[in-house]
Amino acid sequence: DQQVKQNSPSLSVQEGRISILNCDYTNSMFDYFLWYKKYPAEGPTFLISISSIKDKNEDGRFTVFLNKSAKHLSLHIVPSQPGDSAVYFCAASLPSGTYKYIFGTGTRLKVLA
Amino acid sequence: DAGITQSPRYKITETGRQVTLMCHQTWSHSYMFWYRQDLGHGLRLIYYSAAADITDKGEVPDGYVVSRSKTENFPLTLESATRSQTSVYFCASNPGTDTQYFGPGTRLTVL
């Protein structure tokens, strides 16, 4: 029972173009969503987050969109750079105060120079 | 100012052996977590701790034991390793915000 799903295991994008990574969730009680980036042989690092009371959050080249009615969030990277090549995980948390996350399975992004 | 460290980084063991993976953080964060990363499953929570001497199970706790006698340390023990526990293990900490900070991971192979 995967509550957070990333249906695209991989994505290739040309340098300078937009990368769009998608994530779907099933639990309407999730109140906070995050994106993490992971390079090989390293731990995941926090990228950007969004509260369920918002529908968009922007940080430089990274924007996260949340569509609560569709239970869908997406990460936009514009413009994509070769250094963005990594595995991206979306995660969701419940309002329990425990800060436990449910992670998706990840999407491997490759930005082609 | 190492942040969060894990040791060993790589470990090969045999079925049935006891293995302990170490996690140490220098920030005095209250919350600590253990995850395993497997292909097709992403990151799954094994155990978490809200403070010293307070631990609770995550999604996949079977076969694992944790302890947290000091705030900065959160060791994970596989009491009798099985091949299905071959994985990459990540420790994380959280100061009580919505951002978790991950260690570099331990790659464990059980033969």
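The values are calculated or read from the model by the stated rules, or taken from the named source; none is laboratory data. What you see is a predicted model; the values in this text were computed from it and never measured. Neighbour counts run over all protein chains shown; Cβ positions are idealised from the backbone, glycine included.
The table below gives the values:
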| item | result |
| --- | --- |
| Test: residue in segment A:53-61 that is surrounded by 15 or more Cβ atoms within 10 Å (Cβ to Cβ), of a type outside the set (Gly, Ala, Ser), part of a strand (DSSP E or B) and modelled with pLDDT under 95 | no |
| Any hit, segment A:15-35, residues being over 12 Å from residue A:89 (Cα atoms) and in contact with a helix residue (DSSP H, G or I) (Cβ under 9 Å, 6 or more places away or on another chain) | yes |
| Test result for residue B:59, within 27 Å of residue A:37 (Cα to Cα), within 11 Å of chain A (Cβ to nearest Cβ) and of a type outside the set (S, T, N, Q) | yes |
| Qualifying residue in segment A:1-9 (condition: surrounded by 13 or more Cβ atoms within 10 Å (Cβ to Cβ) and acidic (Asp, Glu)) | no |
| Lone qualifier among A:66, A:47 - being part of a strand (DSSP E or B), of a type outside the set (Phe, Trp, Tyr) and under 22 Å from residue B:37 (Cβ atoms) | A:47 |
| Checklist (1) surrounded by fewer than 14 Cβ atoms within 10 Å (Cβ to Cβ); (2) within 11 Å of chain A (Cβ to nearest Cβ); (3) touching a residue at least 24 places away in the same chain (Cβ under 8 Å) applied to residue B:54, failing item | (3) |
| Elements of type strands (runs of 3 or more DSSP E) contained in chain B, each with 2 or more residues being hydroxyl-bearing (Ser, Thr, Tyr) and under 21 Å from residue A:100 (Cα atoms) | B:31-38, B:42-51, B:87-94 |
| Checklist (1) in contact with an Asp or Glu (Cβ under 7 Å, 6 or more places away or on another chain); (2) surrounded by fewer than 20 Cβ atoms within 10 Å (Cβ to Cβ) applied to residue A:80, failing item | (2) |
| Failed criterion for residue B:67 (all others in (1) exposed (fewer than 14 other Cβ atoms within 10 Å of the Cβ); (2) more than 10 Å from chain A (Cβ to nearest Cβ); (3) free of Cβ contacts under 8 Å to residues at least 60 places away in the same chain hold) | (1) |
| Checking residue B:74 against (1) away from every other protein chain (no Cβ under 11 Å); (2) surrounded by 16 or more Cβ atoms within 10 Å (Cβ to Cβ); (3) over 27 Å from residue A:40 (Cβ atoms), the condition it does not meet | (3) |
| Single residue of segment A:17-52 satisfying the filter (over 25 Å from residue A:98 (Cα atoms) and modelled with pLDDT of 95 or more) that is farthest from the other protein chains (Cβ to nearest Cβ) | A:17 |
| Residues being more than 7 Å from chain B (Cβ to nearest Cβ) and surrounded by 14 or more Cβ atoms within 10 Å (Cβ to Cβ) - total across segment A:102-113 | 6 |
| Failed criterion for residue A:86 (all others in (1) within 14 Å of chain B (Cβ to nearest Cβ); (2) within 22 Å of residue A:55 (Cα to Cα); (3) at pLDDT 95 or above hold) | (2) |
